[in-house]
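Structure first, then comments.
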Amino acid sequence: MRAMPSSTLRFLELLEREAAPVEFEGPLVQARSRGAGPDEIAELEEAKLAALRVRALLERRRRREAELSGLYDTAGDLAGLRDLDAVLHAIVHRARNLLGTDIAYLTMSDDAAGDVYMRVTDGSVSARFQRLRLPLGAGLGGLVAQTGTPYATANYPADTRFRHTGEIDAGVGEEGLVAILGVPLRLGSRVIGVLYAANRSERPFAREEVSLLVSLAAHAAVAIDTARLLGETQAALTELSSAHTKISAHSASVERAAAAHDRMTALVLRGGGVEEVAAAVTDVLGGRLVVLDADGRTLAAVGASASRPVPRAEHVAGPAAGHIGDTGLALPDPAVVAEALAASRTDGRAVRRGELWYAAVVAGAENLGALVWAPEHDTGQDGRQILERAALVTALLLLFRRTVAEAEGRVRGELLDDLIARPVCDPESLRTRARRLQVDLSRPHVLVVVDDAAATSGPARQRAVSWAHTYAGTHAGLAATRDGRVVLMLPGTEAGVLARAVARELGRVLGRPVTAGAAGPAADPAGLAAAFKEADHCATALAALGRTGDGASTAELGFVGLLLGAVREGGDPDVTRFLRDTIGSVVDYDLRRGTALVKTLECYFGTGGSLARAAEQLHVHVNTVTQRLDRVAQLLGADWQRPERALEVQLALRLHRLGAGAEPTAG
């Protein structure tokens, strides 16, 4: 067997250590330097060429192995796809490494904008290039996206096959790109993007490199489509989960609302009140709940920290109050509350304003009150439904309570009417009726008469009467109406104090000043009837004295009160004579001549004797007032302004203002 030539061994050593191609010239150079013959030189040349062919084959196989390894890794990335951007970055990075380029990048088609935008880059240093957008058909990438065909150029700036634009060329120039290869990303027949490999120096791209980039682009397209499908699947699962959650929540909401409704219905059947319903609502929903009546007074207030209802004693808190009850619930501006309740009445639903829920309590077109709820947390639709059902149950309870109160009020009112308006024929029968109503007629009572002309008819009168029955009932007294006036009989001995309390509380309910006269204390039917007449006189006297909105007893009016009462009765001839002797001539003069001397005297004394202010009130000139007072002096005498005469004239004017008693005449 012939031994292998040493020259061949030399080339095998070069192949073994993967020497560069230039090193394969070494054996030839050495042979020529030592003067080898032509045959040896030819043999070495042939061995060199064979060794280079083997080297090229090995290089292609190594490259192919690296390409297959890269594709295998890419497939693995797709199998474990979790983040699309991470997979696309890996594909672009492998494209750059496998092709040995300076940069690789990927663009995606924007169907809405009709162009192509930069999605992923690897090796880029230009921010402008990374933000680049390519119109379809423009530049190399735009042409690939439009035609779906791979394109390559060894020198893009000088290549006239592509439609150059200033923006694209500026971005490519800032990045310093020269050689560019672009292949389409296909999903079926549709091109969704372009994958690139580029160099900052001239370089031709071999067929194998184009094929490799096409394979990587196919993987990228699969990754994008897989991510889309995963996203759609995830969205569908999320939607199904959300639907399931909503259905479950709705089912729970319906059951919760039904249970709350059953609980409130049971409370009504057991004879429960508004307070118990409010407590039931807060037990189910939590938060704080306030029940208001039609006038904005608090009927019940149940807080998150207090499970028991607030007593109804005085009902002094209303929509204008800062905090209601002992729950710490702060209402906003009264205008906001009014708007919210109006919206609730119109829609028939609970409405939310800020952090509070409002539900109007209505019966047909009648406003009975409202529920104001401050939730601790969002309770969903069932919270609103439960609040609306609570408003309905509250309306039924208030209607029932009002019906009972009206029936009881009629009975109590009939008793008081019999006490004050009819001759006492059977006192014992009246005492027996009073005991059934838990009223002891042997105890001292005060009679209070309310003088309020604006409350003689309509809703104002209804509110006044309803309030009087409630107030009297809570104080173990009676209430009725007589000659258009509200009358209360209240246990106690301080007539003036009770009159002022009634005027204050009823004025707050009606929203305007209320005048109340009182008399007493008195006991037994006969004494109560007389006390009513005195209280009625007192209310009239207060109005005549200009003390509207005040409350007082007959005793507090002193001598004036006694005189006014006598005039009201028309049974004291001395008072009638006093009127005739004091201002009778002035009154007769006004009646005969149609003048206003009496009115002038009232304004003159009312302004403290000021001619100017009296003229201003009468809307006349000061000289006119002077002339009228001169006429008064002629009728009453020149000394009519002396202190003692002036006092008598003023008293007579006040008595005359009542319009009661005999008409004074001069003779």
- Query: Under 5 Å between amide H atoms, partner at least 5 residues away or on a different chain: which partners does Gly551 have, H built in plane at 1.01 Å?
  - Reply: Ala516
- Task: Calculate, in nm to one decimal, what Ala235 and Asp483 gain on full extension: separation in residues at 0.36 nm each, minus their alpha carbon distance.
- Result: 81.6 nm
- Message: So if I place +1 on the C-beta of Lys and Arg and -1 on the C-beta of Asp and Glu, and nothing else carries charge, what would the dipole magnitude of the stretch 89-154 be about its Cα centre? I want it in debye, nearest 20.
- Response: 160
- Item | Rounded accessible area per residue of the stretch 194-245, 1.4 Å, Å² | 55
- Item | Calculated FRET value between Ala343 and Ile247, using beta carbons and R₀ = 35 Å, to 0.05 | 0.70
- At what distance in angstrom do the alpha carbon centres of the stretch 614-639 and the stretch 173-220 lie from each other? 114
- Item | Normalised contact order of the stretch 602-659, rounded percent, pairs of Cα under 8 Å and 6 or more residues apart | 24
- Task: List the lysines whose Cα lies under 26 Å from the Cα of Lys48, skipping any in the same chain that are fewer than 8 positions away.
- Result: none
- Task: Calculate, for Arg353 and Leu392, the FRET efficiency according to 1/(1 + (r/R0)^6) with r their C-beta to C-beta distance and R0 25 Å; round to the nearest 0.05.
- Result: 0.75
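The values are calculated or read from the model by the stated rules, or taken from the named source; none is laboratory data. Values in this document were obtained by computation on a predicted structure and should not be read as measured data. With ideal geometry, Cβ positions are generated from the backbone for all residues, glycine too; neighbour counts draw on all protein chains shown. Heads up: the accessible areas ignore ligands, DNA and RNA and are worked out on the full protein's heavy atoms, side chains in. Shrake-Rupley method; radii C 1.70, N 1.55, O 1.52, S 1.80 Å.
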